[in-house]
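The values are calculated or read from the model by the stated rules, or taken from the named source; none is laboratory data. Keep in mind that this is a model prediction, so the values were computed, not measured. Neighbour counts run over all protein chains shown; Cβ positions are idealised from the backbone, glycine included.
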Amino acid sequence: MTDPARPTGKRPATPDAVDEELTYHVDRTVAALVEAGWSAEAARQEAARRFGDAARWREKILSVHQEGALRMARTTYGISETAALLPRLWSAVGRDLAFAWRSLRHSTGLTAVTIATLALGLGGTVTMFAAVNAAFLAPLPFPEEQALVKVYQANERRSDVAVPLEVALDWSRDSRSLTAIGAYLYGITANVQSEGDATRARLARVTRPFFHATGIAPARGRIFSDEDLALGAAPVVVIGHQLAQRLFGATGDPLKETLRIDGHTVPVVGVMPPGFSFPGNTDLWTAIEPGGPAAYGSRTAHNFNVIGRLGPGATIASAQAELTRLSDEQAALFPEMAAEGLRPNVVPLRVDLVGTQGQMVWIGLAAVLCVLLVACVNVANLMLARNLTREAETGIRLALGAGRGAIVRLVMVESLTLATGGALLGLIVGLWGTNLVGALAPDSVTSGRPLVIDGRVVALTVLATFAAGLLCGVLPALRTSRVDPRAALSEGGRAVAGSPRRLMNALVGIEVALAFVLLSSAGVLARSHAQLEAVDSGFRTDGLLLARFSLGSLPESPYGTPDARRAFFERLEAEVSTVPGLRAMALAAIMPPGFSPNGRFVIEGRPDAGQAHFRLVGGDYFRVMRIPIRRGRVFTAEDTAAVPQVAVINESLAALAFPDVDPIGQVVSMPGMDGGSGVATIVGIVADVRHRGPTQPAVAEAYFSYRQRPWRTYAMTLVVDSSAALPAGTDAIRAKARLVDAGIPPEFQTIEATMAPFVDPSAFRSRLLVVVAAVALLLAVVGIAGVVSHGAARRQREMGIRAALGAPPGTIVRLVIRAGLWPVGVGALLGLFGALTVGRFLRTFVFEVSAYDPAVMTASALALLATGLLASWWPARRTAKIDPASVLRA
Amino acid sequence: MAMHVLQGTLNVLILNALGERPLHGYAIVERIRAASSGELEIEEGALYHAVHRMEARGWLSHVWQPSENNRRAKYYSLTAAGRRQLAREARAWASYGAFLARVLRPGAEG
């Protein structure tokens, strides 16, 4: 409605406003002339003639305003002319924004598709930014955490060799660049008792500088004093907040308490603040007395982790240089160290915590950035297609003397507006994504920290949004600004600067190539995961309940002798076997999957047969674990300490050590595997199993009975069928264990939980990539369909003529599809090269499938061609259905 | 043969065209052309220049509004000062026209 009472014209008109006004005028003139029967071209020439010298008039009109604005600025604010230009630029951008908003609002469908596309791309990016943030950026819970380092030893093959205690103590004494160097052992499980039942807790043994290095002081009490560290002093313990709550409740005073740790009475001297559980999930810390390092091995016993804190001004490099110098001095004194040829290796604590899974985070980020790129390509194509319809308008603007800069600016403002819309929606997608990834990701991927969208993530997202906006806009903007005004006026706005088909096809090619890389990577990881899932470990990996008992981590435990330990586990077996419904149970010194000790395997009367892995078991191990017996027998109740030792070997060892004789009846030994000596007669052969984890092949193994070789029984795991009623099973076993020794409580786990670390990261990797690739594929469909539709629309006339000349609809469908498919084919080929390059990074993550798997590559190519076909088919059908007469008349 | 707009008369033609209701530039041209039965030939760029100058002098104001073809167009209307100027110029041109007619009538006043 006209409302002359509401004038808005107080602000001086901007060049864009003037252009809009004049463009409107010329367009109306042309339209009127065409209606009056002029040809489009003649109408344009006539309109231009009537207007006069457009560029000159535009300048004159603008100068009217410029003078006005400058006069106003000078009189109102008393500012210089240059300064007065700034508000003009600002109001120009404001005008562009308003224009962008209007034109976006008018094409709702297109805007919605664009924003949804960008939201998918940016949402994924937000999610992986959150993962990168959790893994690499969010501060660790230590003061000045950037100064914290781990120190290892390294050679050509390994960079994370543990450090001998003596070496760490020398560093701690002599280093100046590191203000505190603490050595520690951790992950020791201890049976801890105050009043009531014993509980299992995780213990770390640390040198005094450990706490100084972390920078965390105890919340109450103290850490270790000089007296505590004197040789032969009574042990004391510092406990964690959580364990203090568990043992003494919120009201108790831990500092007045003593604990029984593995049977020793130890006073509590300090309580650490809530949240401090470094390293791992440690509940209590005891001191390593510097006087007694002999107990912890020689200068070549690589047992200790080392944490250090960089002093003021020190860097990783300077610390590295100093420790290298100190190590050289040590090596000069101790030839055994020189012989090892190890050098110190200083790494930031954060890098150490993230470990190899950090690579996965980067791969994930690269994947979502690919999707973002695909989204940008789509949006660029959509904008190119739409700007074509505005080229006539642009031509007039240019003819009227609008600068090309102003045209570029307008298109860029529009694409940045779209990107901002996409980012706002993308944050919502990202919120959902972080929840999902946070729930699915194994702790190792995020170093156990939650994924959150914090200020850093938002800042990164703003950057990504800006980059996406620029990427989407730059091609359409450059192209639009290259419009030739004369051509725009004379050719009726059709194909003004040459069709952008080639550009659009090139973009489709890029998009398809990116989608191919994602698809093939996802395919490789998914196949790898399927292979992993399909692995038959050879033993039962479900439905087993594990109860781990450990008899002592401190020296001079009541279970210090092999006989005492054997007696404990024999009594435990006897007690647990009375649980009703329990059909069978097994004992294992080391439960699979994972670590497996190995050593020399000796056959009496023959030369060394090489290496074998040593497994100490009890109960019905083979029956409970469902390991098939191939020949002979396994251990029975009669195989006690009182009778000669027997051994069971697996098929690999049988083939390796006894290629020409029957192993059964052979007398063998594995010297040095435990404290015991003596030989054992082989009585049976069992099937190979993958004790070291599903990705590790079976190895030669020899089984011994703990009842005959009780030395290595500091801890054993009781295994029962969990269908014997979980959780009632845990209660029953706990009750029976209490009868044997109330100070040795079991720690329960399921076999599934122990298998999870071997399977979950792979599941996560493949799921992440599959989801990302699916999104990329979806975007590719949209992108291809958009370009093919556009191409088909531009060829409508040609198709109409073909149809009029009698071409059957099938031919037209084929023509349109062919035009759509060839950039897809080229893109897929490019993508194949990309995938071969990316395969290098995936190699460390794949299992029993090549990172360049031909089947996956073929399937990816076929999937993309099918996608291209599908995406072209719909516009092709539509074109074929067009009535030729209506096209030709237009 | 079409007449060209005489120097100085463009302002009054524009003010007059806007006398009834607000118009955008294209409509102003149409109006003037219709009023002159198509005899007046205006250089349209000059018309826009004049409109912008007149607005700067405070005779016109504008609003952006959707037009007949649904695109946004810039509608001008007269301000109070514009109406006074229209009246002033109309009077001046009317008397000037009468004067010229008298002067140019062959044989008049000698």
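Things to note:
- Hits in the stretch A:28-41 (condition: within 9 Å of another protein chain (Cβ to nearest Cβ) and surrounded by fewer than 18 Cβ atoms within 10 Å (Cβ to Cβ)): A:Ala31, A:Ala32
- The number of residues in the stretch A:42-55 being over 11 Å from A:Val30 (Cα atoms), part of a helix (DSSP H, G or I) and at the interface with another protein chain (Cβ under 7 Å from one of its Cβ atoms) comes to 2.
- In the set (1) closer than 21 Å to A:Asp262 by Cα; (2) part of a helix (DSSP H, G or I); (3) touching a Pro at 6+ places or on another chain (Cβ under 6 Å), A:Tyr186 fails one condition alone, (2).
- Matching entry among A:Ala804, A:Ala855, A:Ala863 (being surrounded by 15 or more Cβ atoms within 10 Å (Cβ to Cβ) and of a type outside the set (D, E, K, R)): A:Ala863
- Exactly one residue out of A:Ala134, A:Ala112, A:Ala116 is in contact with a Lys or Arg (Cβ under 9 Å, 6 or more places away or on another chain) and either part of a loop (DSSP other than H, G, I, E, B) or within 30 Å of A:Leu778 (Cβ to Cβ) (or both): that is A:Ala134.
- The stretch B:66-87, subset within 11 Å of chain A (Cβ to nearest Cβ) and free of Cβ contacts under 8 Å to residues at least 24 places away in the same chain, residue farthest from A:Asp27 (Cα to Cα): B:Thr79
- Considering the stretch A:608-721, the qualifying strands (runs of 3 or more DSSP E), each wholly inside and each with 1 or more residues that are closer than 27 Å to A:Ile751 by Cβ, run over A:611-619, A:629-632, A:646-650, A:680-686, A:701-705, A:715-721.
- Close pairs (6 angstrom Cβ cut-off, 6 or more residues apart or separate chains): closer than 15 Å to A:Ser669 by Cα in the stretch A:706-718, β-branched (Val, Ile, Thr) anywhere: A:Tyr706/A:Thr713
- The set of residues from the stretch B:25-47 being buried (at least 22 other Cβ atoms within 10 Å of the Cβ), more than 7 Å from chain A (Cβ to nearest Cβ) and not β-branched (Val, Ile, Thr) comprises just one member, B:Leu47.
- All conditions in (1) more than 22 Å from A:Leu229 (Cβ to Cβ); (2) aromatic (Phe, Trp, Tyr); (3) more than 29 Å from the chain's Cα centre (by Cα) hold for A:Trp171, with the sole exception of (1).
- Test: residue in the stretch A:599-613 that is under 39 Å from the mean Cα position of the chain (by Cα) and within 26 Å of A:Leu545 (Cα to Cα): yes
- Scanning the stretch A:212-228 for residues that are closer than 12 Å to A:Val271 by Cα and under 32 Å from the mean Cα position of the chain (by Cα) yields one hit, A:Ile216.
- Any hit, the stretch A:215-228, residues being in a helix (DSSP H, G or I), farther than 15 Å from A:Pro273 by Cβ and either in contact with a helix residue (DSSP H, G or I) (Cβ under 8 Å, 6 or more places away or on another chain) or at pLDDT 85 or above (or both): no
- In the set A:Thr282, A:Thr300, A:Thr324, A:Thr286, only one residue is under 30 Å from A:Val236 (Cα atoms) and surrounded by fewer than 17 Cβ atoms within 10 Å (Cβ to Cβ); that residue is A:Thr300.
- Inspection of the stretch A:326-338 identifies no residue that is closer than 30 Å to A:Ala441 by Cβ and touching a residue at least 40 places away in the same chain (Cβ under 8 Å).
- In the stretch A:633-642, the count of residues that are within 20 Å of A:Pro597 (Cα to Cα) and of a type outside the set (D, E, K, R) is zero.
- Subset of the stretch A:9-24 that is modelled with pLDDT of 80 or more and within 11 Å of chain B (Cβ to nearest Cβ) - its residue that is surrounded by the most Cβ atoms within 10 Å (Cβ to Cβ): A:Leu22
- All positions within the stretch A:89-105 that are loosely packed, with under 15 Cβ neighbours inside 10 Å and either modelled with pLDDT under 70 or not in a helix (DSSP H, G or I) (or both): A:Leu89, A:Trp90
- Identity of the residue in the stretch B:59-74, assigned to a strand (DSSP E or B) and touching a Lys or Arg at 6+ places or on another chain (Cβ under 9 Å), that ends up surrounded by the fewest Cβ atoms within 10 Å (Cβ to Cβ): B:Pro66
- Checked against the criterion of being hydrophobic (A, V, I, L, M, F, W, C), in contact with a Ser or Thr (Cβ under 9 Å, 6 or more places away or on another chain), modelled with pLDDT of 90 or more and outside any loop (DSSP other than H, G, I, E, B), the stretch A:137-148 has at least one qualifying residue.
- The residues on offer are B:Ala50, B:Ala56, B:Ala90, and the sole one that is at the interface with chain A (Cβ under 9 Å from one of its Cβ atoms) and surrounded by 14 or more Cβ atoms within 10 Å (Cβ to Cβ) is B:Ala56.
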